């Protein structure tokens, strides 16, 4: 059975007809074509599919598309504004916080959600905020540093 | 020291922008018109004969376009030993082995069809213990092993489950024991772990009307995969095209060899030219892609009272699972390094690579060396303790240096920065400060070879406006190859690095490269692109010399401007040079290859001598909770000899990432195999990898002992960074609470048990 849903993705309105069991992740990737959100496990354990739904980070593989009806979704594609990178995106490049890049989208969104609420996080709070985002390449060192640098710059 | 324009500079990664904006394309992002989706039916038995497979019901399901079984794919493949069926033929050898596959209009239909396939098995005894599998009376997992084709260096033992046996002898260990003051005998074991790349494996296969097969695949080595497929299927290379997605989401050795394409291709051959895509689920990645070899390493060492190692014997057993994959060469390479990076007059190594009915083990960051380093570095501290020597001191006394003979005796070592690594690590952590209760410090060092010989080719195309395209088949798996290869081309060619574009590997377009493995890309492909860039530069100079009336040798190029060294006022842009010669338009094309052979005694290709060796040392500081047995890592530090850091930032990224990667298998990662041979914990929830809160304070240090054949002296780094982590932590735990754990992972229960036994002994 299909359902007609309305939602905003990165500020743009969408009307989509979706199957009952379609996940928000598959909606974004397969139906809308926003492949910046990654699928690493499809069971809510790796964090690669992290997006922001109505201001909260969620694993989009664990949310049904129909449950996003009437809500606002932010993905990595919506982060840069008018061709200008978000400070977190800048910092991830400058600090060398990116290696294979598969965790990067989710990692940046988790970091953004943290900084949206707390501009003076301690190192432990940063680590906790990205605890659900697995990265096998970087050892997290430069990711944590990039986030703290942005916090320092924005929060003073 | 010479000042370079970009080599040696920590420039930000060139792929950073694409990756932070979500625009980088990976395999699972690829989608083609008319595409079908594949799924595999996987074995429930660890070892069984297949009596019957019923596929009719699945074939009749609406939306299904093809169903295939092993009967349709009578191929055997594999790099070292050709034992690997695309789909199981007549029997299954591990839980998770693909038996049949379906292509359907979507994944749901494909899954439904898989459930409709019925398999009748006749169970056979499952061999889960490598030592039992080695016994002469053990049932054979591969009855026809004697008929398998294999590399010359591989020595299977007939009528056994041992698919490779290797021995190295230097001096005489028997005499060595007599000449020793003290003997140490210990057995160390490691568990089954997995690479844990966040991107799962995928492939898309499509067959064109002329019968040419194109595969888009998350593989670390497009040309090698094409060769493997060609060898297995008995079709010429021209009928195979392997295309890499622009980016691979992590590798660590897990994405080499035959994997998903061997399921997609048989389906693609039957669906009238439609592409067939298959992406492994995380559970499939755990059970049916690749793991690191569980190992048993018995180490006997004789030492002199002054701490010199006089003789060392290693018996190494690598459990390679159901198929050889790269197991035999993993075992081979590990055995060359099994006694550690030490000057030892008497050495004997026996290595066995053994089949069992478990997931397939193969290449894994370190290629077998983490397992042997776990043994020799743990034992070094046991020895140091007994002799009352400092762990740094005993290592400094024994480690190899420039010009020393390699421990198994085949070659003279060059570019050896190990002492410097140990020194730097010790300095970075204030090694000699007083000990605190329940806290301990530990260190370990190691070295690693690279498969030798292997070859790389590169093409550098200089366009009219000075843009440079570089064609190589090095795959960007996260290691930063795109960035450092571009840096090397820019340096050699004399153009800004921003002008250099790295082309994504495609066997129809980019020239041969052996593999993006073995930490070989900086050295091998680095030399290839440097030579190709030099070729292009010389062609530009030839034209420029005519225009400027100067000798080619007197020309130089910086930032894309060619000028006379004698008359710096005389200069030309690349555009002016190319336009002068080819007004209507043409590119300058530089090309070259690199195929270095290591000098030394060799038993043939990939036997022992290595063109370069990487060296490194790690430090760990821990606190142990004696109530719970929990280990808290407080600090780690690592120093690695990279020859020359082309990009210090990406080098440090490798060191940090490798050290944290190393923490997982040391303290908590373990794939648990159940009684039926099944993986009990095939998920990130039950198989815990290090997450951000697990990381301690980390220091990464670079040592540069230039290699005479390396580009600007550079060697490799990627794999070494994980190697000395486990023994450094184990040594720190022993220093903290006086217990020696010899089997990985070091879980709290093992520490508690050891603490209890220690109390009883007292």
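Summary table
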| item | result |
| --- | --- |
| In region A:116-133, residue farthest from residue A:154 (Cα to Cα) [restricted to those that are at the interface with another protein chain (Cβ under 7 Å from one of its Cβ atoms) and in a loop (DSSP other than H, G, I, E, B)] | A:131 |
| Filter result for residue A:79 (touching a residue at least 24 places away in the same chain (Cβ under 8 Å), at the interface with another protein chain (Cβ under 9 Å from one of its Cβ atoms) and more than 24 Å from residue B:218 (Cβ to Cβ)) | yes |
| Residue count for region B:23-59, restricted to those that are under 30 Å from residue A:38 (Cβ atoms), part of a loop (DSSP other than H, G, I, E, B), more than 14 Å from chain A (Cβ to nearest Cβ) and in contact with a strand residue (DSSP E or B) (Cβ under 9 Å, 6 or more places away or on another chain) | 1 |
| Some residue of region A:104-115 being in a loop (DSSP other than H, G, I, E, B) and at pLDDT 95 or above | no |
| Residue within region A:139-147 that is surrounded by 15 or more Cβ atoms within 10 Å (Cβ to Cβ), within 7 Å of another protein chain (Cβ to nearest Cβ) and part of a loop (DSSP other than H, G, I, E, B) present | yes |
| For residue B:680: the one exception among (1) free of Cβ contacts under 8 Å to residues at least 12 places away in the same chain; (2) within 14 Å of chain A (Cβ to nearest Cβ) | (2) |
| Qualifying position, being more than 14 Å from chain A (Cβ to nearest Cβ) and either out of contact with any strand residue (DSSP E or B) (no Cβ under 6 Å at 6 or more places or on another chain) or part of a loop (DSSP other than H, G, I, E, B) (or both), among B:705, B:645, B:639, B:728 | B:705 |
| Failed item, numbered, when residue B:495 is tested on (1) more than 18 Å from residue B:450 (Cβ to Cβ); (2) surrounded by 21 or more Cβ atoms within 10 Å (Cβ to Cβ); (3) in contact with a helix residue (DSSP H, G or I) (Cβ under 7 Å, 6 or more places away or on another chain) | (3) |
| Hits in region B:184-194 - residues which are away from chain A (no Cβ under 14 Å) and assigned to a strand (DSSP E or B) | B:184, B:185, B:186, B:187, B:188, B:189, B:190 |
| Of all residues making up region B:456-467, the number that are free of Cβ contacts under 8 Å to residues at least 60 places away in the same chain and surrounded by 24 or more Cβ atoms within 10 Å (Cβ to Cβ) | 0 |
| All positions within region B:195-213 that are in a strand (DSSP E or B) and farther than 19 Å from residue B:280 by Cα | B:207, B:213 |
| Checklist (1) more than 30 Å from residue B:303 (Cα to Cα); (2) touching a residue at least 40 places away in the same chain (Cβ under 8 Å); (3) surrounded by fewer than 18 Cβ atoms within 10 Å (Cβ to Cβ); (4) touching a strand residue (DSSP E or B) at 6+ places or on another chain (Cβ under 9 Å) applied to residue B:152, failing item | (4) |
| Scan of region A:20-41 for residues that are within 11 Å of another protein chain (Cβ to nearest Cβ), more than 15 Å from the chain's Cα centre (by Cα) and touching a residue at least 12 places away in the same chain (Cβ under 8 Å), ordered by number | A:21, A:22, A:41 |
| Total residues in region B:60-75, condition in contact with a helix residue (DSSP H, G or I) (Cβ under 6 Å, 6 or more places away or on another chain) and either within 30 Å of residue B:674 (Cβ to Cβ) or in a loop (DSSP other than H, G, I, E, B) (or both) | 6 |
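Yes or no, residue by residue, for (1) within 19 Å of residue B:80 (Cα to Cα); (2) more than 14 Å from chain A (Cβ to nearest Cβ); (3) under 20 Å from the mean Cα position of the chain (by Cα):
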position: B:173; (1), (2), (3): no, yes, no
position: B:197; (1), (2), (3): no, no, yes
position: B:221; (1), (2), (3): yes, yes, yes
position: B:259; (1), (2), (3): yes, yes, yes
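Residue-by-condition table, conditions (1) away from every other protein chain (no Cβ under 14 Å); (2) free of Cβ contacts under 8 Å to residues at least 60 places away in the same chain; (3) surrounded by 19 or more Cβ atoms within 10 Å (Cβ to Cβ); (4) within 21 Å of the chain's Cα centre (by Cα):
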| site | (1), (2), (3), (4) |
| --- | --- |
| B:590 | yes, no, yes, no |
| B:593 | yes, no, no, no |
| B:601 | yes, no, no, no |
| B:653 | no, no, yes, yes |
| B:660 | no, yes, yes, yes |
| B:671 | yes, no, yes, yes |
| B:686 | no, yes, no, no |
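The values are calculated or read from the model by the stated rules, or taken from the named source; none is laboratory data. For clarity, every value in this text was computed on a predicted model and none was experimentally measured. A quick note on method: Cβ atoms are made from the backbone with ideal geometry, for glycine too, and the neighbour counts reach across all protein chains shown.
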